[in-house]
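**Student:** Sharing a structure below in structure tokens format, with a few things to ask.
The values are calculated or read from the model by the stated rules, or taken from the named source; none is laboratory data. Quick caveat, the model's predicted, so the values are computed rather than measured. Using ideal geometry, Cβ is built from the backbone for each residue, glycine included, and neighbour counts are taken over all protein chains shown. Ligands, DNA and RNA are excluded from the accessible area calculation, which covers all protein heavy atoms including side chains. Shrake-Rupley method; radii C 1.70, N 1.55, O 1.52, S 1.80 Å.
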Amino acid sequence: MTQSMAGRVVTRFGSQVLVEDDQGAVHRCTTRRRLEHGVCNDRVQWHRDAQGHGVVTDILPRTNLLERVDPRGNHKSVAANLSQVVVVIAPAPEPNWSLVDRYLAAIERMPARGVILFNKVDLLPMGSPLPSPLTEYRDLGYDVIHASVPNDRGMDTLRAALSSGVSVLVGQSGVGKSSLVKALLPDLEIRIGALSEMGGEGGRHTTTNATLYPLECGGALIDSPGVRDFTPGPASREALVQGFVELRERAGECRFQDCSHTVEPGCAVIEAVKAGHISPRRYESYRNLLPG
Ligand SMILES: Nc1nc2c(ncn2[C@@H]2O[C@H](COP(=O)(O)OP(=O)(O)O)[C@@H](O)[C@H]2O)c(=O)[nH]1
Ligand SMILES: [Mg+2]
Ligand SMILES: [Zn+2]
């Protein structure tokens, strides 16, 4: 047995994973029995067995995990150790702001950095005002990037935002995620082909399985249709409060420790809404997301 090496999972093919070593070379590995399968961007230890085959021996603790809930309600692990999640919206289709709040709440709990990308801004009439929720997000500390792929607007800002760590793009259908990925990874088809070859029989899985792609600007992007269309599952009340930064900040000042911030006297959150320090729209989002 050779020495143990560090690596990270680029993608998965059934029970096999492609592992990138510290030099950027990619190796096909099996996973040691009894160890759970790695997900995209898992940090692993691996070695070569006597036959020279790569074997993952350990999956290191994750800083966070992106989970998808399938139509049957089962949680599926998609990718791990994300630095940031870019929530893409556009003038058309009209933004579902409640969905944006739901994304941000999930991102806060992961935790990861949340960034909002206002895409397809070429569709905005000249001089149109910024949608008010975007001002709210900016005031809460989220970066808001304006972009248009055909006009090459904001792409340098986006690349700079993605240039460190590992990111994903998420958002509703039609907002331009595929177009953004194409602009960020112009050789995507070639890369998918190369990875498919390495996967052998199971190669066709790459287009659906979350895959890690280094970006020319630095950093890396995890992409797959499942990642892009990720919608957060339901959250408990405690988790929701953690997911709304402006509620989290004030929840400790409520009279009751188990305050739901809906009807209680002495609720610091309700006070802040009344005083205009918390956006009524965001507060409504919180209330609508509360489990029944
Ligand atoms: N005007 C405009 N249209 C865009 C832009 N980006 C994408 N589109 C168009 O919006 C539609 C949806 O784009 P797509 O990338 O498939 O969105 P996705 O569903 O989020 O992956 C397509 O018809 C694109 O050509 C943009 O920046 N400006
Ligand atoms: Mg698409
Ligand atoms: Zn309260």
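**Student:** Are there any pairs, at least 6 apart or on different chains, whose C-beta atoms fall under 8 Å, with the first in region 129-153 and hydrophobic (A, V, I, L, M, F, W, C) and the second open to solvent by 50 Å² or more (accessible area, probe 1.4 Å) and in a strand (DSSP E or B), and if so, which?
**Tutor:** Qualifying pairs under 8 Å: A147/R153.
**Student:** Let me ask something else about it. Out of all the residues in region 214-267, which are touching a strand residue (DSSP E or B) at 6+ places or on another chain (Cβ under 6 Å), more than 28 Å from D139 (Cβ to Cβ) and more than 16 Å from ligand 1 (Cβ to nearest atom)?
**Tutor:** P214, L215, A220
**Student:** Sticking with this one: Among the residues of region 162-182, is any under 23 Å from N64 (Cα atoms), over 16 Å from the mean Cα position of the chain (by Cα) and not aromatic (F, W, Y)?
**Tutor:** Looking through region 162-182, none of the residues is under 23 Å from N64 (Cα atoms), over 16 Å from the mean Cα position of the chain (by Cα) and not aromatic (F, W, Y).
**Student:** Hey, can you tell me all the residues within region 262-292 that are more than 20 Å from S98 (Cα to Cα), part of a loop (DSSP other than H, G, I, E, B) and not hydrophobic (A, V, I, L, M, F, W, C)?
**Tutor:** Within region 262-292, E264, P265, G266 qualify.
Each row is one residue, and each column tells you yes or no for (1) buried (at least 18 other Cβ atoms within 10 Å of the Cβ); (2) farther than 30 Å from R8 by Cβ.
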site	(1), (2)
L184	yes, no
E197	no, no
A210	yes, no
I222	yes, no
G226	no, no
Q242	no, no
E249	no, yes
G252	no, yes
H277	no, yes
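For (1) of a type in the set (G, A, S); (2) open to solvent by 10 Å² or more (accessible area, probe 1.4 Å); (3) more than 16 Å from ligand 1 (Cβ to nearest atom), each residue gets a yes or a no:
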residue	(1), (2), (3)
S83	yes, yes, yes
V100	no, no, no
L104	no, no, yes
L134	no, no, yes
A161	yes, yes, yes
Q172	no, yes, no
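**Student:** Which condition number does G218 fail, the rest of (1) among the small types (G, A, S); (2) assigned to a loop (DSSP other than H, G, I, E, B); (3) not assigned by TED's automatic domain parsing to the domain that holds E108 being met?
**Tutor:** (3)
**Student:** When both residues are 6+ apart or on different chains and their Cβ atoms are under 8 Å apart, which pairs have a first residue that lies in region 245-261 and is under 17 Å from A235 (Cβ atoms) and in a helix (DSSP H, G or I), and a second that is open to solvent by 30 Å² or more (accessible area, probe 1.4 Å) and at pLDDT 95 or above?
**Tutor:** Every condition considered, the pairs that remain are V245/E108; V245/L140; V245/G141; E246/L140; E246/H277; R248/E108; R248/Q242.
**Student:** Also: Is there a residue in region 269-285 that is in contact (Cβ under 8 Å) with a residue 12 or more places away in the chain and among the aromatic types (F, W, Y)?
**Tutor:** Yes: one or more hits.
**Student:** Also, I was wondering about something else. Any idea which of (1) within 16 Å of ligand 1 (Cβ to nearest atom); (2) open to solvent by 10 Å² or more (accessible area, probe 1.4 Å); (3) touching a residue at least 24 places away in the same chain (Cβ under 8 Å) is the one L117 doesn't satisfy?
**Tutor:** (2)
**Student:** In addition: Among the residues of region 279-292, is any open to solvent by 20 Å² or more (accessible area, probe 1.4 Å) and hydrophobic (A, V, I, L, M, F, W, C)?
**Tutor:** There is at least one residue in region 279-292 that is open to solvent by 20 Å² or more (accessible area, probe 1.4 Å) and hydrophobic (A, V, I, L, M, F, W, C).
**Student:** Please go through region 49-60 and give me each residue that is closer than 14 Å to V17 by Cα and open to solvent by 10 Å² or more (accessible area, probe 1.4 Å), ordered by number. Lay out the reasoning, then the answer.
**Tutor:** Our first condition is that a residue be closer than 14 Å to V17 by Cα; within region 49-60, this holds for 53-59.
Once the filter is applied, which keeps residues that are closer than 14 Å to V17 by Cα and open to solvent by 10 Å² or more (accessible area, probe 1.4 Å), region 49-60 yields H53, V55, T57, D58, I59.
Residue by residue, here is whether (1) open to solvent by less than 30 Å² (accessible area, probe 1.4 Å); (2) more than 17 Å from the chain's Cα centre (by Cα) holds:
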site: T2; (1), (2): no, yes
site: G7; (1), (2): yes, yes
site: D21; (1), (2): yes, yes
site: R34; (1), (2): no, yes
site: V44; (1), (2): yes, yes
site: R62; (1), (2): no, no
site: V78; (1), (2): yes, no
site: V86; (1), (2): yes, no
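**Student:** Enumerate the strands (runs of 3 or more DSSP E) found wholly within region 1-94, keeping only those where 1 or more residues are touching a residue at least 60 places away in the same chain (Cβ under 8 Å) and β-branched (V, I, T).
**Tutor:** Working: elements: 5-13, 16-21, 26-31, 43-48, 54-59, 65-69, 75-80, 84-89.
So the answer is 5-13, 26-31, 65-69, 75-80, 84-89.
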